[in-house]
Every structure is written in C-alpha cells, then in structure tokens.
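A.B. asks: Pasting a structure below so you can have a look.
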Amino acid sequence: MTGRKIEKTPIGVLPDTQIQSLCDSEVISSVDGLANDQVQPASIDLRLGKTAYRMRASFLPGLGKKVSDYFNDDLVMHELDLTKGTVLETGCVYLVPLKEVLNLPEGLSGAANPKSSTGRIDVFVRMITDGSDRFDAARAGYSGPLYVEISPRTFSILAREGDRLLQLRLRNGEQKTIRDEIFSIDLKPGNDDIAGYRAKRHSRVLDLKNINGHKIEDFWEPVRPYNGALVLDPGEFYILASKEKVVIPVDEAAEMAPIAPEFGEFRAHYAGFFDPGFGVEGLEGKAVLEVRSREVPFILTDGQPMGRLVFEPMVANPKVPYGAAGSFSNYQGQGLKLSKHFGMK
C-alpha cells in the first residue's frame with residue numbers, strides 16, 4: 001500500500017518531537033493507545049501484544065506475503081497467553097504481534113534494534129513486517145502490522161503483554177553516514193579488577209518487570225583478565241566494556257555496526273542504537289558490549305578493536321536528549337554495567 005506524502009524534510013533520523021507528531025496523526029498507532037513514555041530522543045519503544053506463538057523455526061515472509069499467512073500448523077507449535085505472563089524458554093523461537101501499527105509516508109522508513117536492556121540479558125529479538133525479505137526493517141511507505149521474533153539465548157524470561165524489548169528508529173531518506181569510529185575492549189592489563197561478567201547457564205527465570213530486583217550472583221559470574229587478556233569460551237555470553245568513552249552529539253545519532261570478520265571470531269553486540277545526548281555534559285559513558293565467541297575459543301587482549309560506531313545526522317535536535325531531565329535513561333555515564341534488571345548483591 002502506498003503511504004501518504006509529507007513535506008520534504010532533511011535527510012536523517014527523526015527526533016522525539018517529530019515522532020510524537022507521527023503518533024498524534026496516527027502514522028504510528030495502537031489499538032489500545034500509545035503510552036506517554038514510549039517516545040525516546042530518537043526512537044519509539046515497541047510493545048508486545050497479547051499472544052506469543054511458539055515457532056518451529058525462524059522465517060521471513062518474503063515479498064508479497066503476510067506474516068499472518070505463516071500462522072499455521074507447519075510453523076506454529078502452540079500459542080501462549082501474554083496477558084497473564086508466560087515464560088519464554090531458552091533455545092526456543094517465539095513470534096509476537098506488536099501493539100503498534102505503521103502507516104508511513106513516502107520517503108520515511110523504519111529500522112528496529114533491541115533495547116539496551118534486552119541485549120544485555122542475551123535475548124535475541126528481530127522485527128518482521130509483512131512483505132519483508134530482511135529483518136529489522138520497515139520499508140519506506142510501509143503500512144501494516146509489526147511483529148517481533150524472540151529467542152532467549154541464556155536466560156529464560158517471564159514476559160507479559162506490554163513489555164518492551166525493541167525500539168524503532170525512523171529515518172527520512174536513505175541512511176547517511178557522517179563518520180565512523182572504531183572502539184576497543186578494556187581489559188585493564190596488570191590489574192585484577194573485574195573486566196566483565198559471564199552469564200551463568202541454567203539460572204532462574206528473569207522477570208522483565210522486576211527492575212533492580214535480581215541478584216547478580218544468581219545470573220552472572222565476574223571475569224578477570226590475566227596479563228591483559230581474556231579467553232572467550234565458545235558459545236558463552238559476556239558483558240564487557242569499551243576502553244573509549246562514547247559521546248553522541250545532540251544533533252547526531254549512532255549505531256554499533258556489525259563486527260567485521262577481520263576483527264575476530266566473535267559477535268560484539270546485539271543492541272546497537274545510541275541516542276543523541278548520550279555521554280554529553282560531563283557524563284561520558286563507555287559502550288557496553290554483549291559478546292559471544294563463535295566456534296572456537298578466542299583470546300581478547302586489552303585495546304583490541306571490537307567494532308565501530310556509525311554516526312548519522314538528526315533531522316532536528318531532540319527536545320529531550322538522552323540523560324536530560326525528563327528522559328527515561330538508564331545508562332547515562334555508564335561504565336561496566338549490567339542491565340537494569342540487576343541491582344541486588
């Protein structure tokens with residue numbers, strides 16, 4: 001379906017004020033209304049609907065096909081009621097219709113990414129749209145429902161209707177890269193301080209609604225470098241931090257780009273969006289990295305490149321930058337920090 005035309009605006013990422021305008025005009029809508037705190041400085045949080053489908057496998061609908069066409073016995077094993085809360089288990093694939101619906105104008109597209117707290121608990125999520133042949137993308141002018149594929153990798157999670165696992169960034173025109181910056185790993189050579197955390201398998205269920213209510217030691221064990229090096233065990237999940245401080249100017253947005261194969265045999269992140277205002281005003285923070293080695297043990301050394309940040313322009317500055325008064329920011333000025341679900345020792 002062809003979307004509606006809007007006035008020509010600069011190429012770049014839409015800020016909170018313009019996202020709110022899209023919500024007010026029902027370009028972004030929901031059957032039961034949008035919440036006041038969904039709009040972020042350069043994105044909007046997306047919420048789980050009422051039903052989760054346990055799938056046999058991941059899939060993409062492909063051009064000309066709807067996601068709902070695949071809700072049949074060939075792929076769906078059973079349905080789960082999220083209105084009462086249900087456990088999504090590790091190693092399983094689930095598909096959940098989201099509450100939000102898009103009716104994008106021509107020239108306006110969407111890109112999805114896990115929220116920071118989602119990536120830090122090793123829950124793999126990807127957005128799917130009707131007629132799509134790739135994940136995490138709403139093509140320019142897209143009109144239709146949104147879905148999220150959820151696959152907990154280490155911790156089983158207790159999820160409910162309305163939970164927010166991913167966010168949508170809206171972009172006018174094609175993505176325009178201003179610059180990119182390489183970042184490296186901080187392993188503090190000659191120091192036995194904690195350099196990161198390794199996730200414990202077969203842990204308790206993690207309740208997504210229980211903020212700061214989980215004991216760290218129930219889910220994580222600290223890791224310390226030896227002579228400035230750390231050996232990654234294949235398949236294990238780690239939380240580590242960058243050596244560099246990250247600053248995102250208020251007129252720019254950034255995203256962690258997928259790790260280049262030449263950097264090593266590991267994946268360096270799941271959640272990659274950095275909002276305008278992150279790390280500014282004397283609150284510089286590091287990039288927290290969600291790391292998993294691939295098929296073989298791999299040695300990381302202090303200062304080793306881990307990935308890159310890609311910067312692009314904002315269409316306009318956000319009214320409420322990340323970390324400013326009135327924002328819903330959990331990680332401003334962060335160092336090595338676990339997700340917001342952990343606060344108990």
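The values are calculated or read from the model by the stated rules, or taken from the named source; none is laboratory data. Treat the numbers as computed from the prediction; the structure is a model and nothing was measured. Reconstructed Cβ throughout: ideal geometry from the backbone, glycine too, with neighbour counts over all protein chains shown. Note: areas computed on protein heavy atoms with side chains; ligands, DNA, RNA excluded. Shrake-Rupley method; radii C 1.70, N 1.55, O 1.52, S 1.80 Å.
Yes or no, residue by residue, for (1) at pLDDT 95 or above; (2) closer than 25 Å to PHE273 by Cα; (3) surrounded by fewer than 12 Cβ atoms within 10 Å (Cβ to Cβ); (4) in contact with a Phe, Trp or Tyr (Cβ under 6 Å, 6 or more places away or on another chain):
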{"residue": "VAL39", "(1), (2), (3), (4)": "yes, yes, no, no"}
{"residue": "ALA52", "(1), (2), (3), (4)": "yes, no, no, yes"}
{"residue": "LEU63", "(1), (2), (3), (4)": "no, no, yes, no"}
{"residue": "ASN72", "(1), (2), (3), (4)": "no, no, yes, no"}
{"residue": "LEU95", "(1), (2), (3), (4)": "yes, yes, no, yes"}
{"residue": "VAL101", "(1), (2), (3), (4)": "yes, yes, no, no"}
{"residue": "LEU104", "(1), (2), (3), (4)": "yes, yes, no, yes"}
{"residue": "GLY110", "(1), (2), (3), (4)": "yes, yes, no, no"}
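A.B. asks: crowded, with 20+ Cβ neighbours inside 10 Å, modelled with pLDDT of 95 or more and either acidic (Asp, Glu) or in contact with a helix residue (DSSP H, G or I) (Cβ under 7 Å, 6 or more places away or on another chain) (or both), is that true of LEU165?
C.D. replies: yes
A.B. asks: Let me ask another. Before we move on, is THR90 touching a strand residue (DSSP E or B) at 6+ places or on another chain (Cβ under 8 Å), of a type in the set (S, T, N, Q) and crowded, with 19+ Cβ neighbours inside 10 Å?
C.D. replies: On the way: touching a strand residue (DSSP E or B) at 6+ places or on another chain (Cβ under 8 Å): yes; of a type in the set (S, T, N, Q): yes; crowded, with 19+ Cβ neighbours inside 10 Å: no.
Spelling it out, it is not the case that THR90 is touching a strand residue (DSSP E or B) at 6+ places or on another chain (Cβ under 8 Å), of a type in the set (S, T, N, Q) and crowded, with 19+ Cβ neighbours inside 10 Å.
A.B. asks: Can you find, within segment 117-153, the residue that is most open to solvent (accessible area, probe 1.4 Å) among those that are in a strand (DSSP E or B) and in contact with a helix residue (DSSP H, G or I) (Cβ under 8 Å, 6 or more places away or on another chain)? Lay out the reasoning, then the answer.
C.D. replies: The initial filter retains those residues of segment 117-153 that are in a strand (DSSP E or B), namely 123-129, 137-138, 143-152.
With in contact with a helix residue (DSSP H, G or I) (Cβ under 8 Å, 6 or more places away or on another chain) added as a condition, the list becomes 125, 128-129, 145, 147.
Details: VAL125: 4, ILE128: 1, THR129: 2, PRO145: 46, TYR147: 18 Å².
Filtering segment 117-153 for residues that are in a strand (DSSP E or B) and in contact with a helix residue (DSSP H, G or I) (Cβ under 8 Å, 6 or more places away or on another chain), the one most open to solvent (accessible area, probe 1.4 Å) comes out as PRO145.
A.B. asks: Could you identify the single residue in ARG224, ARG169, ARG201, ARG160 that is touching a strand residue (DSSP E or B) at 6+ places or on another chain (Cβ under 6 Å) and not aliphatic (A, V, I, L, M)? Give the steps one after another, and end with the answer.
C.D. replies: Working: ARG224 fails: touching a strand residue (DSSP E or B) at 6+ places or on another chain (Cβ under 6 Å); ARG201 fails: touching a strand residue (DSSP E or B) at 6+ places or on another chain (Cβ under 6 Å); ARG160 fails: touching a strand residue (DSSP E or B) at 6+ places or on another chain (Cβ under 6 Å).
After ruling out the rest, the residue left standing is ARG169.
A.B. asks: Pull out all pairs, ordered by first then second residue, where Cβ-Cβ is under 9 Å, the residues are six or more apart or on different chains, the first lies in segment 9-20 and is surrounded by fewer than 21 Cβ atoms within 10 Å (Cβ to Cβ), and the second is in a helix (DSSP H, G or I).
C.D. replies: Sorted first by the residue in segment 9-20, then by its partner, the pairs are THR9/GLN18.
A.B. asks: Could you list, in sequence order, the residues of segment 176-223 that are more than 19 Å from LEU336 (Cβ to Cβ), over 20 Å from the mean Cα position of the chain (by Cα) and open to solvent by less than 60 Å² (accessible area, probe 1.4 Å)?
C.D. replies: SER203, GLY213
A.B. asks: Restricting attention to segment 224-258, which residues are hydrophobic (A, V, I, L, M, F, W, C), within 15 Å of SER293 (Cα to Cα) and open to solvent by 10 Å² or more (accessible area, probe 1.4 Å)?
C.D. replies: Initial filter on segment 224-258 (hydrophobic (A, V, I, L, M, F, W, C)): 229-232, 237, 239-241, 246-248, 250, 253-254, 256-257.
Cutting the leftovers down to within 15 Å of SER293 (Cα to Cα) gives us 229-232, 237, 239-240.
Listed by number, the residues that qualify are ALA229, LEU230, VAL231.
A.B. asks: A further question on this structure: State whether the residues of segment 289-303 include one that is within 24 Å of VAL13 (Cβ to Cβ) and buried (at least 19 other Cβ atoms within 10 Å of the Cβ). Don't jump to the end; show me each part of the working.
C.D. replies: Quick first cut of segment 289-303, residues within 24 Å of VAL13 (Cβ to Cβ) only: 289-290.
Among the residues that remain, those that are also buried (at least 19 other Cβ atoms within 10 Å of the Cβ) are: 289-290.
Yes - at least one qualifying residue is present in segment 289-303.
A.B. asks: In this structure, is VAL31 assigned by the TED database to the domain that holds SER109, in contact (Cβ under 8 Å) with a residue 60 or more places away in the chain, surrounded by 13 or more Cβ atoms within 10 Å (Cβ to Cβ) and more than 21 Å from the chain's Cα centre (by Cα)? Explain how you work it out, then say what you get.
C.D. replies: Details: assigned by the TED database to the domain that holds SER109: yes; in contact (Cβ under 8 Å) with a residue 60 or more places away in the chain: yes; surrounded by 13 or more Cβ atoms within 10 Å (Cβ to Cβ): no; more than 21 Å from the chain's Cα centre (by Cα): yes.
No, not satisfied.
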